[in-house]
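**Student:** Handing you a structure now.
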Amino acid sequence: MDTCLSRWRWACLSMALASKFAVSEILTDGSLGPVLNLTGPDYQITADLGQQAGANLFHSFSQFNIDAGESAHFAADASINNIFSRVTGGDPSNINGALSADTNLYLMNPAGILFGGNASVNIDGSLHLTGNPRFLGLLFTDW
């Protein structure tokens, strides 16, 4: 039990520190579209950056971070019911700005997803998040 608690504390500490030193950046990984370092502070994530299959739109990023005062909007036309976005670069995603989408958004990052004190969410549908299975929940960095 002590080992599990120790790992939990280490995970919380390392993720909190990572959020303090995160570089604001959204970078596609090239697996579903072009490799691009998107230009902020108002990131527009459009369908041409990913691939559509039926009513689903898929995006793949190597980094996905939104700093305070920035925004990232996942755009979708009426034919899209779900946007699936994965982060493959190995670092946690730090959301400390505005995250929005025109439909259901699935954001997946095996390294974790952190929401800071300045984060806001405006999804025209549902937001689904998944991260490291060893991490038992979201870490809100303003606690």
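The values are calculated or read from the model by the stated rules, or taken from the named source; none is laboratory data. The structure displayed is predicted, hence computed values, not measured ones. Cβ sites come from the backbone with ideal geometry, for glycine too, and all protein chains shown count toward neighbours.
**Student:** Output the number of the condition that Ile45 fails; it satisfies all remaining conditions of (1) at pLDDT 95 or above; (2) of a type outside the set (Gly, Ala, Ser); (3) farther than 16 Å from Ile26 by Cβ.
**Tutor:** So the condition that Ile45 fails would be (3).
**Student:** Of the residues that sit in the stretch 79-88 and are more than 17 Å from the chain's Cα centre (by Cα) and of a type outside the set (A, V, I, L, M), which one is nearest to Asp102 (Cα to Cα)?
**Tutor:** Just the residues of the stretch 79-88 that are more than 17 Å from the chain's Cα centre (by Cα), to begin with: 79-81.
Add one more test, that the residue is of a type outside the set (A, V, I, L, M), and what stays is 79, 81.
Working: Ser79: 11, Asn81: 9 Å.
Residue satisfying both the conditions and the ranking: Asn81.
**Student:** Could you tell me how many of the residues in the stretch 36-86 are surrounded by 14 or more Cβ atoms within 10 Å (Cβ to Cβ), of a type in the set (Asp, Glu) and assigned to a strand (DSSP E or B)?
**Tutor:** Here the count works out to 0.
**Student:** Quick one: is Pro92 buried (at least 20 other Cβ atoms within 10 Å of the Cβ) and at pLDDT below 95? Outline the logic, then answer.
**Tutor:** Details: buried (at least 20 other Cβ atoms within 10 Å of the Cβ): yes; at pLDDT below 95: yes.
Yes: the conditions hold for Pro92.
**Student:** Residues in the stretch 104-113: is at least one of a type in the set (Gly, Ala, Ser), buried (at least 18 other Cβ atoms within 10 Å of the Cβ) and in contact with an Asp or Glu (Cβ under 7 Å, 6 or more places away or on another chain)? I'd like the intermediate steps shown before the answer.
**Tutor:** The initial filter retains those residues of the stretch 104-113 that are of a type in the set (Gly, Ala, Ser), namely 111-112.
Subset that is buried (at least 18 other Cβ atoms within 10 Å of the Cβ): 112.
Right, trim to in contact with an Asp or Glu (Cβ under 7 Å, 6 or more places away or on another chain) and you get none.
So far as the stretch 104-113 goes, no, none of its residues is of a type in the set (Gly, Ala, Ser), buried (at least 18 other Cβ atoms within 10 Å of the Cβ) and in contact with an Asp or Glu (Cβ under 7 Å, 6 or more places away or on another chain).
**Student:** Looking only at the stretch 23-78, which residues are under 16 Å from Asn96 (Cα atoms), touching a strand residue (DSSP E or B) at 6+ places or on another chain (Cβ under 6 Å) and charged (D, E, K, R)?
**Tutor:** If the condition is that a residue be under 16 Å from Asn96 (Cα atoms), touching a strand residue (DSSP E or B) at 6+ places or on another chain (Cβ under 6 Å) and charged (D, E, K, R), then Glu25, Asp42 are the ones that fit.
**Student:** In the stretch 71-94, what residues are touching a residue at least 12 places away in the same chain (Cβ under 8 Å) and over 15 Å from Ile45 (Cα atoms)?
**Tutor:** Step one: list which residues in the stretch 71-94 are touching a residue at least 12 places away in the same chain (Cβ under 8 Å), which gives 71-77, 79-94.
Once the filter is applied, which keeps residues that are touching a residue at least 12 places away in the same chain (Cβ under 8 Å) and over 15 Å from Ile45 (Cα atoms), the stretch 71-94 yields Ser79, Asn81, Thr88, Gly89, Gly90, Asp91, Pro92, Ser93, Asn94.
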